[in-house]
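Have a look at the structure below, then the notes.
The values are calculated or read from the model by the stated rules, or taken from the named source; none is laboratory data. The model shown is predicted, which means the values in this text are computed figures rather than measured ones. Cβ: placed from backbone, ideal geometry, glycine included. Neighbour counts: every protein chain shown. Accessible surface is based on the protein model in full, side chains and every heavy atom, while ligands, DNA and RNA are left aside. Shrake-Rupley method; radii C 1.70, N 1.55, O 1.52, S 1.80 Å.
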Amino acid sequence: MAHAGCGCPGSMARVIERNEATEKENTVKAASELRQWPVQLHLVPPTAPWFQDSEILIAADCVAFALGSFHSDLLKGKALAIACPKLDDSTPYVEKLARIFSENNVKSITVAIMEVPCCRGLDMMVRQALAQSGKEIPLETAIIGINGERRN
């Protein structure tokens with residue numbers, strides 16, 4: 001057996017088996033719950049009107065692709081910012097998130113990450129930014145499995 005080399009376990013190639021008969025039964029098209037543009041954390045202005053008096057979802061880029069019910073389960077009714085702690089230049093993220101939290105009346109924060117170790121960085125950045133903001137805002141972390149299931 002050939003060894004794939006070292007690195008992040010989240011980068012390991014794998015095939016996800018699906019039951020096509022079950023998936024074909026679910027043919028109802030879901031409406032988008034996206035409420036604003038842009039969504040990339042690098043691009044969103046900290047004082048964007050959609051952050052005021054809002055619940056915020058900060059999601060790792062891969063979450064929306066892994067969780068089939070992303071829009072209905074996580075995004076509905078929330079302002080969104082997406083980021084990848086592994087591939088993005090995340091140096092300015094903590095400061096930007098702290099500004100978003102401190103300059104807006106944020107009701108709650110949900111961080112959605114994948115179960116892979118490199119995704120934990122996004123959760124840590126959000127927690128650091130929240131502490132830096134000086135505010136007490138309810139925070140929840142949703143962990144999504146590679147197979148598309150919610151782990152918590």
Q. Under the condition of being in contact with a strand residue (DSSP E or B) (Cβ under 9 Å, 6 or more places away or on another chain) and of a type in the set (D, E, K, R), which residue from the stretch 57-84 is most open to solvent (accessible area, probe 1.4 Å)?
A. ASP73
Q) For the subset of the stretch 124-140 comprising residues that are closer than 16 Å to LYS86 by Cα and not β-branched (Val, Ile, Thr), which member is least open to solvent (accessible area, probe 1.4 Å)? A) MET125
Q) Given the conditions (1) hydrophobic (A, V, I, L, M, F, W, C); (2) in contact with a Lys or Arg (Cβ under 7 Å, 6 or more places away or on another chain); (3) in contact (Cβ under 8 Å) with a residue 60 or more places away in the chain, which single one is not true for LEU74? A) (2)
Q | Selection from the stretch 76-118 of residues that are closer than 17 Å to LYS135 by Cα and of a type in the set (A, V, I, L, M) | A | VAL94, LEU97, ALA98, ILE100, VAL106, ILE109, VAL111
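Every residue, every condition in (1) open to solvent by less than 20 Å² (accessible area, probe 1.4 Å); (2) among the acidic types (Asp, Glu); (3) under 14 Å from the mean Cα position of the chain (by Cα); (4) within 21 Å of LYS86 (Cα to Cα), yes or no:
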residue: SER102; (1), (2), (3), (4): no, no, no, no
residue: ASN105; (1), (2), (3), (4): no, no, no, no
residue: LEU122; (1), (2), (3), (4): yes, no, yes, yes
residue: ALA142; (1), (2), (3), (4): yes, no, yes, yes
residue: ASN147; (1), (2), (3), (4): no, no, no, yes
Q. Can you tell me which residues in the stretch 90-118 are more than 14 Å from LEU41 (Cβ to Cβ) and of a type outside the set (A, V, I, L, M)?
A. SER102, GLU103, ASN104, ASN105, LYS107, SER108, THR110, GLU115, PRO117, CYS118
(Q) I'm told ALA83 meets every condition in (1) under 20 Å from GLU33 (Cβ atoms); (2) modelled with pLDDT under 95; (3) touching an Asp or Glu at 6+ places or on another chain (Cβ under 8 Å); (4) not charged (D, E, K, R) except one. Can you identify the failing condition by its number? (A) (2)
(Q) As an exercise: evaluate ASN152 against (1) part of a helix (DSSP H, G or I); (2) closer than 24 Å to ALA30 by Cβ; (3) at pLDDT below 95 and give the number of the one condition it does not meet. (A) (1)
Q. Here are some conditions: (1) under 21 Å from ASN152 (Cβ atoms); (2) assigned to a helix (DSSP H, G or I). SER102 meets all but one. Which one does it not meet?
A. (1)
